[in-house]
1. Just to check your reading of the model, which residue among 75, 93 is out of contact with any helix residue (DSSP H, G or I) (no Cβ under 8 Å at 6 or more places or on another chain), free of Cβ contacts under 8 Å to residues at least 12 places away in the same chain and farther than 24 Å from residue 105 by Cα?
2. Filtering segment 85-116 down to residues that are closer than 16 Å to residue 170 by Cα and exposed (fewer than 13 other Cβ atoms within 10 Å of the Cβ), which residue is modelled with the highest pLDDT?
3. Residues in segment 163-179: is at least one crowded, with 17+ Cβ neighbours inside 10 Å, outside any helix (DSSP H, G or I) and either touching a residue at least 24 places away in the same chain (Cβ under 8 Å) or among the aromatic types (Phe, Trp, Tyr) (or both)?
4. Please give the number of the condition residue 183 fails out of (1) modelled with pLDDT under 90; (2) loosely packed, with under 14 Cβ neighbours inside 10 Å; (3) in a helix (DSSP H, G or I).
5. May I ask you to list pairs of residues, at least six apart or on different chains, whose Cβ atoms are under 9 Å apart, with the first in segment 15-34 being touching a residue at least 24 places away in the same chain (Cβ under 8 Å) and closer than 24 Å to residue 156 by Cβ and the second being among the hydroxyl-bearing types (Ser, Thr, Tyr) and part of a helix (DSSP H, G or I)?
6. List the pairs whose first member sits in segment 148-162 and is under 20 Å from residue 64 (Cβ atoms), whose second member is part of a helix (DSSP H, G or I) and of a type in the set (Phe, Trp, Tyr), and whose Cβ atoms are under 7 Å apart, counting only residues at least 6 apart or on separate chains?
7. Output the residues belonging to segment 114-152 that are outside any helix (DSSP H, G or I), over 18 Å from residue 84 (Cα atoms) and touching a Lys or Arg at 6+ places or on another chain (Cβ under 8 Å).
8. Would you point out which residue out of 29, 37 is over 23 Å from residue 161 (Cα atoms) and surrounded by 11 or more Cβ atoms within 10 Å (Cβ to Cβ)?
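The values are calculated or read from the model by the stated rules, or taken from the named source; none is laboratory data. Predicted model, so just to flag it, every value in this text is computed and none were measured. Note: ideal-geometry Cβ built from the backbone for every residue, glycine included; neighbour counts use all protein chains shown.
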Amino acid sequence: MLWLILSVLLWGLIHSFLASLPAKGLVRRWLDNRAMRFYRLAYNLFACISFLPVLVVAALTPDKSLYFVQLPWSVLMVLGELVAVVVLIIGFVQTDVLEFLGFRQVNDAVEDRREQLVTSGLYRFVRHPLYSAGLLFIWLLPLMTANVLAINIGLTIYVITGAFFKERKMRFMYGQEYASYAAHTPMFVPFLKGNKTPRQTS
């Protein structure tokens, strides 16, 4: 189980580093700047392919059932997962699916576009709706096994850590605009004051 958690964390570490501005700057120095328009697409493909070894580790790790939620609560959990899927779909559409996947950058020949900060729709309630929905989905599984728990723990640590790195990136890109947005918008949980970023005073 420990090796499975570590494999997920290693995947998440590589995934987060490649998404960072320093990593992009390093690749930009190695390659022609025009090649950077393929970075996002290649990044997403690598993220999917590099997760396959994690699944191999999971398949080779002895597993056991931990619990199974009985009716009617299991139905409510599945409904919660469906809500999470809907939120994910809406979030992807709102943040521009083509740009998220990397196809728009290829067509526009622009890798780092500073677009208007999205603060409406789902982003009116939380700063990271995709992360929130993803965590909701994995933890509402009615059937929990040791291996699924290990993967969930690793993914949760990765998502929370990645969100803080993304916060730094967003503050660098948008400055005070993002700081003001973060001061009154929760990070993960809607309407929860405790996960808002305190407003900085000068």
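1. 75
2. 116
3. Looking for residues that are crowded, with 17+ Cβ neighbours inside 10 Å, outside any helix (DSSP H, G or I) and either touching a residue at least 24 places away in the same chain (Cβ under 8 Å) or among the aromatic types (Phe, Trp, Tyr) (or both), one finds none in segment 163-179, hence no.
4. (1)
5. Listed by first residue and then by second, the contacts come to 15/43; 15/50; 15/158; 16/158; 16/161; 18/39; 18/43; 19/43.
6. Taking only residues 6 or more apart or on different chains, the pairs are 152/139.
7. Of everything in segment 114-152, just one residue is outside any helix (DSSP H, G or I), over 18 Å from residue 84 (Cα atoms) and touching a Lys or Arg at 6+ places or on another chain (Cβ under 8 Å), namely 145.
8. Going through 29, 37 in turn, just one is over 23 Å from residue 161 (Cα atoms) and surrounded by 11 or more Cβ atoms within 10 Å (Cβ to Cβ): 37.
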